[in-house]
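Q: One structure is given below, represented as C-alpha cells, and several questions about it will come after.
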Amino acid sequence: MPHPTGADPRPLTGEPLALDLLNTRWVDAEGPRDLLESENGLAIWLSGAPVREAMGPAAPVAGHAILERLLTARTALEALAASAARHEPATPGARAALNEVLSHGRIRRTLGPDGLPESGVEVDDPSWGPAWHAADNWLHLVADRPDRIRPCANDTCVLHFYDISKNGTRRWCSMAGCGNRAKAQRHYARRTGA
C-alpha cells in the first residue's frame, strides 16, 4: 500500500472534506491535474487534515477500492456543486449518486459507559469510509449554509470553497492566486484601454 510521498501539490487545501475531495482536480500552468490519478496521490489526500479530522485514527491506507469509491463520490459531488453554483435544485441523478454513496454507511448512536450519548460511523466495508465521510460532510454543508458553497469566480479555475467570511462575499479560491490574477487583468485593461 502506498504511503504519502511529497507535499500536497494542490493550490487550495483545508476546505471542508466534501470540497477538499472536489479540489483533488485543479488547473495550473501545466493544464488539468488530478491528485487521485494514482494511489500515491490518494495517499497524500488521505493524510490531509480534512480526512484525519473526519475519520480520526480510523483513516485508512490508500488502496484501489478506496480510490474507486472516492471517484464515485467526487463525481456525485461535482454534479451537486454545479447545481448549487447555478442556484438550482440538485438533479435526480446527482441526488441518487450521493445517496448511493451514503447507503454504504450510517451513524450509530449508543449510550456510552459514562452514561453519555456517543456516535460512531459504521460502513459496509472500510473502503467506503472516506467516500461516505465526504458525502456526509456535503449534507452538513447544505444543511448549514448552502449559499456559502461556491466555485471560484475565475472562469478557468475549477476549485470550490466554503465561504466563511463574515459578510459572505468571498469570490476567489485564493486571493494570492486567482484573486491577484483578476486584479492584474483589470489593472492591465484600464492601462491599455482594453
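Since every read-out is calculated from the coordinates, none of them should be taken as a lab result. Remember, it's a predicted structure, so these values are computed and weren't measured experimentally. Cβ: placed from backbone, ideal geometry, glycine included. Neighbour counts: every protein chain shown.
Q: Which residue, P130, P50, P32, tops the fluctuation ranking in a GNM of the chain built on C-alpha contacts under 10 Å?
A: Comparing P130, P50, P32 in the GNM, the peak value goes to P32.
Q: Ok, one more. For V142 and E118 in one chain, what is 0.36 nm times their gap in residues minus the Cα-Cα distance, to one decimal in nm?
A: Roughly 6.3 nm would be gained on extension.
Q: Further question: Relative to the compact globular guide of 2.2 N^0.38 Å, what is the alpha carbon radius of gyration of the range 81-142, as a ratio?
A: The reported ratio for this selection is 1.39.
Q: Could you work out the per residue convex hull volume over the alpha carbons of the range 1-78, in cubic angstrom?
A: 90 Å³
Q: To one decimal place, what orientation-averaged projected area in nm² is obtained for the convex hull of the Cα set of the range 1-144?
A: Projected over every direction and averaged, the Cα hull of the range 1-144 covers 10.0 nm².
Q: Now a separate question. If you average 1/r over all unlike Cα pairs in the range 33-110 and invert the result, what Kirkwood radius do you get in angstrom? Write down the numbers at each step before the final one.
A: Working: mean 1/r = 0.0712 Å⁻¹.
After inverting the mean inverse Cα-Cα distance, the result is 14.0 Å.
Q: Would you please name the trypsin sites (Lys or Arg not before Pro) within the range 57-166 that are DSSP coil residues with at most 12 other C-beta atoms within 10 Å of their C-beta? Intermediate values should be presented prior to the final figure.
A: Details: sites: R69, R74, R86, R95, R106, R108, R109, R148, K166; in loops: R86, K166.
The qualifying sites are R86, K166.
Q: Right, here's the next one. At q = 0.15, 0.16, 0.21, 0.26 Å⁻¹, what log₁₀ I(q)/I(0) does a Debye calculation on the Cα points of the range 104-178 give, no solvent, two decimals?
A: Treating every Cα as an identical point scatterer, log10 I(q)/I(0) equals -0.72, -0.76, -0.94, -1.11.
Q: Every cysteine in the chain with no other Cys Cβ under 4.7 Å from its Cβ, please list them in numeric order.
A: C178 - these cysteines have no disulfide-compatible partner (Cβ-Cβ under 4.7 Å) in the chain.
Q: Starting from 0.36 nm per residue, how many nanometres of slack lie between E53 and I164 once their C-alpha separation is accounted for?
A: Numbers: separation 111, 0.36 × 111 = 39.96 nm, distance 1.82 nm.
38.1 nm is the gain from fully extending E53 to I164.
Q: Continuing with the same structure: Under the 0.36 nm per residue contour assumption, what length would be gained going from the current alpha-carbon distance of E100 and D155 to full extension?
A: Net length gain for the segment: 16.7 nm.
Q: Can I ask one more? Could you state the angle between the C-alpha long axis of helix 129-144 and the longest principal axis of the C-alpha atoms of the chain, as a value from 0 to 90 degrees rounded to the nearest 10?
A: Once rounded, the angle reads 60 degrees.
Q: Could I ask something else about it? What does the charge count around N40 come to, taking other residues whose C-beta lies under 13 Å from its C-beta (Lys +1, Arg +1, Asp -1, Glu -1)?
A: My count for the surroundings of N40 gives -4.
Q: Run lengths n ≥ 4 of DSSP H only: what is the helix-derived mean residue ellipticity at 222 nm for the chain, with -39500 (n - 2.57) per run over all residues, to the nearest 500? It would help to have the intermediate numbers written out before the result.
A: Numbers: 7 runs with 83 residues, N = 194.
Computed ellipticity for the chain at 222 nm equals -13000 deg cm²/dmol.
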